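Down below is the structure, laid out as structure tokens.
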Amino acid sequence: VGSPPQMGASSRRRLYPEQIASAYAGQQSPQGAAEAPAYPGAPSAAPAFFVPGAGPAPATSPSTLMQGQPMQGQPIQGQPMQGQPMQGQPMYGQGQGQGQVDGLTQQFGQMGMAEFQTVVLNGRPDLAALDEAPPAMRLAPGTMCVAASECAPRFQRSTLNAVPRTDKLLKKTRLPLGLLVTPVCADDDVAVAPDIVRCRRCRTYINPFVAFTDGGRRWRCNMCGLSNDVPLTFDYDSATQTQKDRWARADLRNAVVEFVAPLEYMVRPPMPPAYVFLIDVSYASAQLGAPGVVAQTIRDTLDQLPDADGRTRVAIIGVDAQLHFFQMRTGAEPQQLVVGDVDDVVLPAPSDLLVNLSDARSSLDIVLERFGAMFSNNHGVGNALGPAIRAAQQMLGGIGGRIVAIMASPPTTGEGLVEPRAEGRDLGTPRESELLRAQGTWYKNVAADCSRAQIAFDTVFVGQQAMDVATVGGLARYTGGTLLHYPAFMAGRPEAVRFSSEFGQHLAGAAGLEAVLRVRASKGLRMSAYYGHFFLRSLDLLALPSVDPGRCYAVDLEIDETLPPVVYFQTALLHTTALGERRIRVVTQAVPTTDNAHSVFHHADQSAIAALLAKKAVDRALSARLEDAREALQHKTLEILGAFKTLCTQASSGAATQLQAPRALRLLPLLTLATLKHPALRGGNNVRVADRIAAMSLVLTLPPETLLQPLLVPRVYALHELEPNVGLDDGSGSVVMPQLLPLSAEVLAPRGVFLVYSGADAILWVGRDVDPSMITSLVGEPHVQSGVFTFPDLSDNGSPRPGFELNMRTNNLLRALSSLCHGMWAPPMFVCREDGDQQVRLLLAQRLVEDMDTAAPSYSQFLNQMRDKINRGSF
Amino acid sequence: MSFTALIYILALIMAGILLFASVYFVIMLTDLECDYINPIDLANGLNTYVMPEMAAHLLMFVVFLLMGEWFSMIINLPLAVWNINKVVNSRQFYDATEVFRTLPKHKRENFVKVAFYLLCFFYYLYSMIMTLVNESTDDIRTGSAY
């Protein structure tokens, strides 16, 4: 007789009616199995269900089965070898504190309307919803999975957590179906599996969702249904001559797992990291002081470059109208070799230009130290980027590596020269879209060739000069690299400090090398388009010469046939780690399907949908026109809400006074509005092309966690009325965050100090009537001026100095916010006084998404417009 | 043999060559779809033949125009306009980074070209024979054949 079902909102197990549970478990109770982790994504605390070599653990739950489905992997009592899989875990991902639905409702909730809540959209969006976990997935009974096999949303997210079973239903709901994959996250800790087992037919890697048949001797692939043999090494370790518990294998327990790739997966030995820095030393760059700052940053980061096996190589090339190479022989003084003939570049020395980092470290240090001084007075005008790239290609030859091009002026010499296009009068008109496209095909061809040679480009643009970012940025876009942009760069100013920390952080991020990515899905699903920075080598293979941590690739999916009850997505990334090992990272996710339109709407992941739509809009803007992209984005949101109204609400036809949305999509209009107001897609004529391209690059590559908040939807906090415990440690190492305020100028009270944090920058708004003592407590002096500002740290190594507590708490807050974005940005802080500088006020106005501005309506106006259009049926 | 017949013989040969060229394009594009070649090789392979093909077709069109073969000229007019349009907008080359996005369009275009060149081939063959036949009847009638 089973014990009473466990109640509790954090319970993550579906509890079946007593009779069925007890019939198949004998006297075993359904409780006591792995307790629910406190938050999604964490592995179970104590995997109590396997004991190597012993019998079935006493506190295991029965294996899953329901309604006569074939028993899969049913462990036979008394056989010591097979552990017991956890029964189907349908409920996972319930966010903390949000929508705590009763445990009972969870169990019998397939038809439970309690969680199908519809909200009325009014003028105040619920910003806290962005921190929620995606909607819970209810896997069908009979699905094989284990407790830790939930795929953490930061690795892979599906836009719909209940996929429609047919294409017809998907088209009716007008929701986009797609996948957002971030295969490599910063500081992730992924289990390593011992050996690789794949399906014979579809080549899917074995994952926690496979079913074992035939007494455990065969396994059925969950993608194509083929029955494969289980290799003997699963159960028997021949090296130590002992039985192994197959359920202890990492690839059967974790959704995200890494394999060490054997020789078949390599065409050549794993490549060592190699970096070639092309630093612009022309007159324009010297004016900004760029050579000195860049050289210093590289010098400071040399220690953090991945160099585990001592094979990393580095080269420096100064680029103006000529090419300045540096020959660094070990034991000799480094020599500068200038090549003036840029029409047919030949490397001036056969060796020692691309030097081993550990061997030639002292020479490298000398070169970098003197680099700034050497070129600080350089009067050479012109930038031979094309020839420099050819030289770098020759250097990196058969190995591959990373070319980091830091530019302050357009390429005007040699091949690959581009005429920067005048943009003044074309901004805001339909001709602007042409300015966003690359001029000529030289850079695209180079990118294609380099991606074949496993060379990735990072393009860094500093300064205000027109450099045709659209054309040169294509190098980064098509080789999986990164595009960085610092228009306000000037040596000695805070922007240079920001550049140093962000550029250093970027270089030090351990990147995967010579990688390929492939997404596989269950039968019936097809991948139709990909978004991000990569080279598409085949219809479904993304070639990534370099994989940066925290960069996301989005996939559009289409339904070709009727889908089974559960569909699976598996992403495999074959890469060489920075340590020189060839690895395969596999992320597997199971998503249930449904026939019910209500279910589809209420299990939609608004963050993933908004991120996918933003990426699609940017892609459309780059290949068609900006106006089309904005129009399509707005129209899509309209369609989704209209389809919801038609399919799922009472007032399915006819006018409604209020706009209704499913609870799961309640922030979608705000996210759409924020995307339309972001510099990437913004209308109007005050976004320069270079800024726009850089913003588009960010939108294309960031995962939803970083893209939506804070980049698109900044965080607004009131610093003058923080709760007593906000900004301090909450006991578990994380900082208590204050309440999020609406993104509107209405909340900016004259007596208050507000922080508007959008990741890439932070704005401190100071009201007219603020108490000077509060400002002193915050920044150390009673008055601050508008403009760029370095936020001081007035604490005594972390402990507050009396009178400056607000400063310490704000610094804690800033650090916590920065770590939410994985330290990607070192945002400069702007002080905006209520009665101060117009420009900073304009910047702030752009960040306050809910307000009306020249580009787009306010949030309430937007909702009203949508409601009217939906009522009219004109969508 | 009159000049017209010679023109049609050359047009026949040219149509044959262009037919082979467009079949080559179709084969390369389907190879890309089936993952036998990568987009860079495809772009490099096809881009060398794009301009010669357009030039050959334009040459034929101009010759028909100058020789007064109006019907042959009119059937070649749409394709000539299409090619000129592509060159003016710099869209004639295959771009390795974007080829997958426009693959169905390119395939369709090349299928249409194959069909067109095939029909042209047979039409030129017919025209050539008709021209030769008419010539020889003229020769018989005017007596210069004997």
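The values are calculated or read from the model by the stated rules, or taken from the named source; none is laboratory data. Just so it is clear, the structure is predicted and the values come from calculations on it, not from any experiment. Glycine gets a Cβ as well: all are built from the backbone with ideal geometry, and neighbour counts include every protein chain shown. Protein only, heavy atoms only, side chains kept; ligands, DNA and RNA dropped before computing areas. Shrake-Rupley method; radii C 1.70, N 1.55, O 1.52, S 1.80 Å.
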(request) Take the residues in the range A:540-569 that are within 14 Å of another protein chain (Cβ to nearest Cβ) and over 30 Å from A:GLY397 (Cβ atoms), then tell me which one is surrounded by the most Cβ atoms within 10 Å (Cβ to Cβ). (result) A:VAL555
(message) I need the full set of residues from the range A:619-665 which are modelled with pLDDT of 90 or more, within 26 Å of A:ASN596 (Cα to Cα) and among the charged types (D, E, K, R), in order please.
(response) A:LYS636, A:GLU639
(request) Those residues that are part of a loop (DSSP other than H, G, I, E, B) and hydrophobic (A, V, I, L, M, F, W, C), I need them from the range A:501-552; list them, please. (result) A:ALA510, A:ALA511, A:PHE534, A:LEU539, A:CYS552
(message) So in the range B:87-146, with the set limited to residues that are charged (D, E, K, R), exposed (fewer than 15 other Cβ atoms within 10 Å of the Cβ) and within 20 Å of the chain's Cα centre (by Cα), which one is nearest to B:LEU12 (Cα to Cα)?
(response) B:ARG108
(request) Please indicate, with yes or no, whether at least one residue in the range A:746-764 is in contact with a Pro (Cβ under 6 Å, 6 or more places away or on another chain) and open to solvent by 40 Å² or more (accessible area, probe 1.4 Å). (result) no
(request) Might you check whether a residue that is surrounded by fewer than 24 Cβ atoms within 10 Å (Cβ to Cβ) and of a type in the set (Ser, Thr, Tyr) occurs anywhere in the range A:673-688? (result) no
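Take B:VAL23 and decide whether it is at pLDDT 95 or above, assigned to a helix (DSSP H, G or I) and open to solvent by 40 Å² or more (accessible area, probe 1.4 Å).
Details: at pLDDT 95 or above: yes; assigned to a helix (DSSP H, G or I): yes; open to solvent by 40 Å² or more (accessible area, probe 1.4 Å): yes.
Judged against the criteria, B:VAL23 is a match.
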(request) Quick one: in the range B:11-20, of everything that is in contact (Cβ under 8 Å) with a residue 40 or more places away in the chain and either hydroxyl-bearing (Ser, Thr, Tyr) or open to solvent by 10 Å² or more (accessible area, probe 1.4 Å) (or both), which residue is farthest from the other protein chains (Cβ to nearest Cβ)? (result) B:LEU12
(request) Pull up the range A:257-305, narrow it to residues that are within 20 Å of A:LEU579 (Cβ to Cβ) and in a helix (DSSP H, G or I), then point me to the one that is most open to solvent (accessible area, probe 1.4 Å). (result) A:LEU263
(message) Under 9 Å between Cβ atoms, which residue pairs at least 6 apart in sequence (or on different chains) link something in the range A:251-268 that is free of Cβ contacts under 8 Å to residues at least 12 places away in the same chain with a partner that is open to solvent by 50 Å² or more (accessible area, probe 1.4 Å) and not polar (S, T, N, Q)?
(response) A:ARG268/A:GLY398
(request) Quick one: in the range A:607-632, of everything that is of a type outside the set (Gly, Ala, Ser) and open to solvent by less than 10 Å² (accessible area, probe 1.4 Å), which residue is farthest from A:ARG688 (Cα to Cα)? (result) A:ILE609
(request) Hey, could you check the range A:348-369 for residues that are part of a helix (DSSP H, G or I) and hydroxyl-bearing (Ser, Thr, Tyr) and say which is surrounded by the fewest Cβ atoms within 10 Å (Cβ to Cβ)? (result) A:SER362
(request) Just give me the residues in the range B:42-71 being of a type outside the set (A, V, I, L, M, F, W, C) and either surrounded by fewer than 15 Cβ atoms within 10 Å (Cβ to Cβ) or at pLDDT 90 or above (or both), in sequence order. (result) B:ASN44, B:GLY45, B:ASN47, B:THR48, B:TYR49, B:PRO52, B:GLU53, B:HIS57, B:GLY68
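Do any helices (runs of 4 or more DSSP H) lying entirely in the range A:797-875 carry at least 2 residues that are farther than 30 Å from A:GLN660 by Cβ, and which ones are they?
Values: elements: A:805-820, A:838-847, A:859-872.
Fully inside the range A:797-875 and qualifying: A:805-820, A:838-847.
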(message) Which of the numbered conditions does A:ARG498 fail, given that it passes all the others? Conditions: (1) crowded, with 23+ Cβ neighbours inside 10 Å; (2) within 22 Å of the chain's Cα centre (by Cα).
(response) (1)
(message) Of everything in the range A:501-539, what is more than 20 Å from the chain's Cα centre (by Cα) and within 14 Å of chain B (Cβ to nearest Cβ)? Give them in sequence order.
(response) A:ARG526, A:SER528, A:ARG537, A:SER538, A:LEU539
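Yes or no, residue by residue, for (1) more than 18 Å from B:LEU19 (Cα to Cα); (2) away from chain A (no Cβ under 14 Å):
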{"residue": "B:THR48", "(1), (2)": "no, no"}
{"residue": "B:GLU69", "(1), (2)": "yes, yes"}
{"residue": "B:SER72", "(1), (2)": "no, yes"}
{"residue": "B:GLU98", "(1), (2)": "yes, no"}
{"residue": "B:THR102", "(1), (2)": "yes, no"}
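Are any of the residues in the range A:437-458 away from chain B (no Cβ under 14 Å), open to solvent by less than 10 Å² (accessible area, probe 1.4 Å) and touching a strand residue (DSSP E or B) at 6+ places or on another chain (Cβ under 8 Å)?
Step one: filter the range A:437-458 for residues away from chain B (no Cβ under 14 Å), giving A:456, A:458.
Next, only the ones that are open to solvent by less than 10 Å² (accessible area, probe 1.4 Å) stay: A:456, A:458.
Checking which are touching a strand residue (DSSP E or B) at 6+ places or on another chain (Cβ under 8 Å) leaves us with A:456, A:458.
Looking through the range A:437-458, at least one residue is away from chain B (no Cβ under 14 Å), open to solvent by less than 10 Å² (accessible area, probe 1.4 Å) and touching a strand residue (DSSP E or B) at 6+ places or on another chain (Cβ under 8 Å).
Just give me the residues in the range A:517-541 being of a type in the set (S, T, N, Q) and touching a Phe, Trp or Tyr at 6+ places or on another chain (Cβ under 6 Å), in sequence order.
Filtering the range A:517-541 down to residues of a type in the set (S, T, N, Q) leaves A:522, A:528, A:538.
Hit for the range A:517-541 is A:SER522, nothing else.
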(request) Kindly indicate the residue of the range B:26-41 that is at the interface with another protein chain (Cβ under 9 Å from one of its Cβ atoms) and under 11 Å from B:HIS106 (Cβ atoms) and also most open to solvent (accessible area, probe 1.4 Å) among those meeting that condition. (result) B:GLU33
(message) Which count do you get for residues in the range A:370-428 that are within 34 Å of the chain's Cα centre (by Cα), open to solvent by 10 Å² or more (accessible area, probe 1.4 Å) and over 20 Å from A:ALA466 (Cα atoms)?
(response) 8
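Which fully enclosed helices (runs of 4 or more DSSP H) of the range A:592-700 have 3 or more residues being without any contact (Cβ under 8 Å) to a residue 40 or more places away in the chain?
On the way: elements: A:597-602, A:606-623, A:626-648, A:668-677.
Helices (runs of 4 or more DSSP H) meeting the threshold: A:626-648.
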(message) I'd like to verify a number: residues in the range A:197-223 that are open to solvent by 30 Å² or more (accessible area, probe 1.4 Å), assigned to a loop (DSSP other than H, G, I, E, B) and either within 16 Å of A:LYS523 (Cα to Cα) or touching a residue at least 60 places away in the same chain (Cβ under 8 Å) (or both), how many?
(response) 4
(request) Only residues in the range A:574-587 that are of a type in the set (S, T, N, Q) count as the first member; pair them with residues that are assigned to a loop (DSSP other than H, G, I, E, B), Cβ under 7 angstrom, at least 6 apart or cross-chain, and list the lot. (result) A:THR576/A:PRO270; A:THR576/A:MET271
